[in-house]
Amino acid sequence: GIQVEQSPPDLILQEGANSTLRCNFSDSVNNLQWFHQNPWGQLINLFYIPSGTKQNGRLSATTVATERYSLLYISSSQTTDSGVYFCAVMFSGGYNKLIFGAGTRLAVHP
Amino acid sequence: ETGVTQTPRHLVMGMTNKKSLKCEQHLGHNAMYWYKQSAKKPLELMFVYNFKEQTENNSVPSRFSPECPNSSHLFLHLHTLQPEDSALYLCASSLTSGGGANEQFFGPGTRLTVL
């Protein structure tokens, strides 16, 4: 069936460390977004990236659509990076739904 | 600030109450969405409106009743809810809902507790 899988489910880092979060999806997509959900529940848009590579400060993302995965890189992590990171995709096969993965819960310790 | 606001931010209601959640977007978008986020579950799409018309109802129970009077406002009317309906309800908007290239922006959510 249609799936969006994120790994790892949980990640603990020391401040200053780098990390890579992965999102695998089961079919071709025409929309892929990465979000950060803060402790108050707000979903913050990080990247809209159905293909290619983008960078925004310490964060960057790459989507390889032909191989059906996307990666989110966090460099020089800070305690404010803590929270849950979600990947969400809209599949190309006639669906108009944004399907969310289960998320990666990140804790950055000082 | 994403340009999408939701009120109230927190709501506690009994199973026999009737309440409404409100969402407003200031982005000039034409599509609006309701999502539900329960503990330990991925976000689930509930309803989609495109140019005020409902285009998606993801098998949501009738005790949840959406209303979209215009492209900027979306309501979720609640009645006779169950404790298992306790969750974070998120509103989102995008330029349109059809096809690709439609980045969605989310409001801060309403945290609902049903007693």
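Bear in mind that the values in this text are calculations on the coordinates, not laboratory data. No experiment lies behind these values; they were computed from the predicted model shown. Here Cβ is always computed from backbone atoms with ideal geometry, including for glycine, and neighbour counts include all displayed protein chains.
List of remarks:
- Pair B:Leu95, B:Thr80: separation of 7 Å Cα→Cβ label points (nm): 4.3
- Here the dipole of the protein assembly as shown is about 340 debye; that uses its Cα centre as origin and unit charges on the Cβ of Lys and Arg (positive) and Asp and Glu (negative).
- Highest GNM mean-square fluctuation among A:Asn30, A:Asn45, A:Asn56, for chain A modelled with Cα contacts below 10 Å: A:Asn56.
- Taking each of B:Lys18/B:Lys52; A:Lys97/B:Lys36; A:Lys54/B:Lys36; A:Lys54/B:Lys41; B:Lys19/B:Lys52; A:Lys54/B:Lys40 in turn, the alpha-carbon distance tops 25 angstrom for A:Lys54/B:Lys36; A:Lys54/B:Lys41; A:Lys54/B:Lys40.
- Student exercise, segment B:12-101 dipole from Lys, Arg, Asp, Glu Cβ charges, in Debye to nearest 20: 220
- For segment A:1-97, GluC sites (Glu not before Pro) meeting the loop criterion (DSSP other than H, G, I, E, B) and having at most 16 other Cβ atoms within 10 Å: A:Glu15.
- Ranking B:Gln82, A:Gly41, B:Ser93 by how far each Cα lies toward the positive end of the dipole of the protein assembly as shown (charges on Cβ) leaves B:Gln82 at the top.
- Chain B - percent relative contact order, Cα under 8 Å, separation 6 or more: 37
- For segment A:8-110, the set of chymotrypsin sites (Phe, Trp or Tyr not before Pro) satisfying both a DSSP loop assignment and a count of at most 11 other C-beta atoms within 10 Å is given as A:Trp40.
- In loop segments of segment B:1-101 as defined by DSSP, the GluC sites (Glu not before Pro) with at most 13 further C-beta atoms inside 10 Å of their C-beta are B:Glu1.
- Using a Förster distance of 30 Å, the FRET efficiency for A:Ser76-A:Glu5 (Cβ separation, nearest 0.05): 0.65
- B:Arg9 versus B:Ser38: modelled label distance in nm, points set 7 Å from Cα along the beta carbon direction: 2.6
- Distance in nm between pseudo-label sites at B:Ser59 and A:Glu67 (7 Å out along the Cβ direction from Cα): 3.5
- Its Cα centre serving as origin, chain A has a Cβ charge dipole (Lys and Arg +1, Asp and Glu -1) of approximately 160 debye.
- Paramagnetic label zone (point 7 Å from Cα along Cα-to-C-beta, B:His73; backbone N under 16 Å) in segment B:1-16: B:5-8
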